[in-house]
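So the structure is just underneath, and the comments pick up after that.
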């Protein structure tokens, strides 16, 4: 079920990226209402998470780099995507200061994940 939703979301993203409004309309006319609701819920959930990450980024930017680094280092490995999102949403100078204060291996791991997300 998750794979199907991901595939359908990818199709929607492609239609939107192309600006294919007719294709977009045709797609949604043929979608099962239950599936459409699930896709919509996933999109809304993603937007909510992105807004929260942006708020957290601003919060951490106001902190001393050493303190922010210490807090982010102590987040669990399950929360690595959140840490990456927080760092990515910061101004480059602030992100650089925080990454410089972190454990070298963790900083390198965050940097790799940031690069992968840009691909």
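Every number in this text was worked out from the coordinates using simple rules, so none of it is lab data. Note that the coordinates shown come from a computational prediction; the quantities given were computed from them, not determined experimentally. Cβ sites come from the backbone with ideal geometry, for glycine too, and all protein chains shown count toward neighbours.
Overview of values
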| read-out | value |
| --- | --- |
| Selection count, the stretch 90-119, where residues are in a helix (DSSP H, G or I) and free of Cβ contacts under 8 Å to residues at least 12 places away in the same chain | 12 |
| Close pairs from the stretch 74-89: first over 14 Å from residue 50 (Cα atoms), partner loosely packed, with under 12 Cβ neighbours inside 10 Å, Cβ under 8 Å, at least 6 apart | none |
